[in-house]
1. Suppose a student asked you for the relative contact order of the chain, using Cα pairs under 8 Å spaced at least 6 residues apart; what percent would you report?
2. For labels at residue 532 and residue 252 in the simple 7 Å Cα→Cβ model, what's the distance in nm?
3. To make sure I understand the rule: partners must be lysines, Cα under 20 Å from the Cα of residue 691, and not fewer than 8 residues away in the same chain. Which ones qualify?
4. Whole-Hz ³J(HN,Hα) for each residue in the stretch 41-49, computed from phi via Karplus 6.51 cos²θ - 1.76 cosθ + 1.60 with θ = phi - 60°, x for glycine and proline: what do you get?
5. Any idea what the dipole of the chain comes to, in debye rounded to 20, about its Cα centre with Lys/Arg Cβ at +1 and Asp/Glu Cβ at -1?
6. From the residues 384, 280, 503, which one has its Cα farthest along the dipole of the chain in the positive direction, the dipole being from +1 and -1 charges on Cβ of Lys/Arg and Asp/Glu about the Cα centre?
7. Against the 2.2 N^0.38 Å scaling, with N counting residues, where does the stretch 704-777 land? I'd like the Cα-based Rg ratio to two decimal places.
8. Within the stretch 289-383, what whole-number % of the accessible surface is contributed by carbon and sulfur, with the 1.4 Å probe and all protein chains included in the calculation?
Amino acid sequence: MTLSLPAEVFDAAEFSSALSASNSLQQCKAAIERVNTYLNNAFINGDNIRDLIHTRAEFVDALLRSVWQRQQWASLEPSLIAVGGYGRSELHPHSDIDLLILLPESCADCLVNAEAFVTFLWDIGLQIGHSVRTVEQCREAAADITVATNLMESRLIAGPNDLLDAMLSATSPDQIWPSSDFFRAKWNEQIERHRKYGNTEYNLEPNVKSSPGGLRDIQMIGWVTKRHFGTRQLEELVERGFLSREELNILLEGRDFLWRVRYALHMQAGREEDRLLFDHQRSLARSFGYEDDANRLGVERFMQVYYRWALALGELNEVLMQHFDEAILRACEPENILELNTRFRVRNGYLEVSNDKVFEKTPSALLEVFLLMAQHEHIDGIRAATIRLIRASVHLIDEHFREDRRNTRQFLELLRSPFKVAQQLRRMNRYGVLGKYLPEFGRIVGRMQHDLFHIYTVDAHTLEVVKNMRRFTYDDALQKYPVIARIVKRLPKIELLFIAGLYHDIAKGRGGDHSTLGATDALAFCERHELNKRDSNLIAWLVEKHLLMSAVAQREDISDPEVVRRFALAVGDQLHLDYLFALTVADISATNPTLWNAWRASLLRQLYAETKRALRRGLENPIDKHEWIEEAQQNAIDQLEYLGFSEDELRELWANVGEDYFLREKVEDVVWHTQAIAQHRNREEPVVLIKESSEILFEAATQIFVHSRNRPHLFAMIASAMEQLDLSIQDARLYNSGTGFIFYTFFVLDASGKPIVDDVQRLDHIKRFLREQLDKADLYPEIMRKRTPRQLRLFAMPTSTTLFTDPNKNLTVLEVITPDRPGLLARIGRIFYRYGIQLQNAKITTLGERVEDVFFITDLQQQPIEDPELCDAIQTAIKKELDEKAAA
């Protein structure tokens, strides 16, 4: 039942009789404004969303009918027909009003009057989508599946009904688009639409209408069944046995939720807007009453509700489309049945229960169904009727079920199975089984983190981690993951890695340290599944330390033997290192596709290789730093002597270069730098080197070497130049020669996160530009002005800094966590110049919308910065500079 509009807001009969030719424009605008205000207030006050949607359509019907009746039609009057969403009597505040003006076959003045009618509608501010056709033209246009779908939802507003009847007859399934062809075309259309949105309900900024699990998926069910059965309402599908009552309730309640979200989006945007952008997510969360608490943001709680509805609707759409496929497209296929056991068989490639009492009599079959699919490669999926039975039986998974040894053994056997393990876990999640069997997993379903770093919900990310782990075992993994693929293949028990993957983020959103809490949950899982103590401790350790390796690789100087030794002590042995490396790579790759790049891969590989050597050497026998330096120098001398240099000449050249240079740079790079500097005739001119494309082909980043006379603001200038070149600095190393000159080694990526390969012209331009900037380095560097992208602006947060002295390295460590924005490094470099700070090394890490940069710094005398007032002043200046620019 629709919401009745009070007479003082809009009375259809009174409005129609009062509509005058002289003042009709203002009358219509005033009526639209009154109704919009009334309905929007009703929405804010919590009125039924179905009533609001249908009442708006009824109002537009009455308005259009009144305007239509003012037209001076000849004896042959056209028909005014609502099509599409308006044809379903569904209108949101800024929905398009789709109209068909259906013309008689011969009507001389119809087109002129129709044009005047549409123009008037535009003038009064209605958002009209319209077409003007005859019945024959409709039949021809309906060859397009989109047009056919729109016409199928036609509803008469004004004019003769016989034209509508003729059009519906001409475009009926027995004339065009029989139900099987229609279904196939719409299903292909849906597959393409889902692909556009990444085949996931869990987009960071989903489209309420078109994303998987959105309104279009509900409409798809209505279109297909209407074409086949001739139904107009979803409720009719229950009578025909196509929907269960429970499924109908999910569809209707889910549609109501999405309608409320879409209605609010239109109101807040002031236009048709179906994208749930970050800024809208926040405002909608507040308007729907979701408040922040100690553990989670209100917007995260709101989006979890959205994602859970999207998942439920997407899964129901999937089941119903498969059911329709079986009932219509495959109805005449010859049957090929393979009996697996007394409970299950395979029919034409799809698994089904032998009878509808299987789960009731044998609840453990709720896990067996997925185990069978992981054991038999030839099974393509589960039949729709069996999926429905699974969903209807998940209540059988209770504490007794979870403690039953038959079930715990089946779950472990599933994880050890040879085929599509990750896919079975995904199915278990979609059908509600995984969250019931592992209640701690059920709590993270649909849980999002409101940032740009985590692009998946926690459950989707977790299952993606397991999928990556499975990928490492495939033969083609050697191409993309050459190191990790070999390591994973020699792990003694792959299921331990999967369990660690399932539990590494299980405690997200609870408050406290999710790694520690997750380790506790993992131990409880291991105890329930009767894993031995050694395996249980390994899994719990992996969950607790799952962030350790990435943190060390990206935030510490892994060329320092002491850093490697500390990490090796934390790892303990080769087995823990192998499992942790595999978990770390799978985790990073599944967090954000842009996060995993060749540079991060190289850092992890380097840390893995150095730690492996340290473990092989024995933790009680740490490497001698001076032996390392001497060996590096001697290897470089051997290569340079072959090029005509003498050892004395080289020792003199390196006399004032700090030992860190030989610790951190590869021997081949020392040779490359030394040769270029020695051969450079004018010492006052800067040297800029870039590794040629053939040399960097297998490198993770493009290496740029700069040798220049030192200037106080040199780093700020170079950082600004890199920004202008659209290069992202990943690592910066500085070495003071002691003679007034300075060495810089930069590792950079282009805007797409890749090294610059085989682009000689670009590399030459970079060298020329940097030399030009270095020639005028006495000038204070100008910071390039760029607009901060929309998504980054939305995630403004106060800059946080930490500053402490590392006594082992005799320098100060500055950590800066701040929102990413153009010119960031150049701004920090100018503050270094202002306070007399010398940069020794920098580790640059971008994580979605924020950066976590680590700078290793000294004063101009190469000493740590230990004056408390100066330390406070530096941090205050950085926060002020960055936060003011972020707000600008």
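1. For the chain, the relative contact order is 6 percent.
2. Result: 5.7 nm between the two label points.
3. Here the lysines satisfying the reach criterion relative to residue 691 are 666, 754, 767.
4. 5, 5, 5, 4, 7, x, 5, 4, 5
5. I would put it at about 1160 debye.
6. With unit charges placed on the Cβ atoms, the residue in question is 384.
7. Values: Rg = 12.4 Å, N = 74, 2.2 N^0.38 = 11.3 Å.
Normalised by 2.2 N^0.38 Å, the Cα Rg of the stretch 704-777 equals 1.09.
8. 45 percent
The values are calculated or read from the model by the stated rules, or taken from the named source; none is laboratory data. Remember, predicted model here, so these are calculated numbers, not experimental data. Glycine gets a Cβ as well: all are built from the backbone with ideal geometry, and neighbour counts include every protein chain shown. Note: accessible area is taken over every heavy atom of the protein model, side chains too, but ligands, DNA and RNA are not part of it. Shrake-Rupley method; radii C 1.70, N 1.55, O 1.52, S 1.80 Å.
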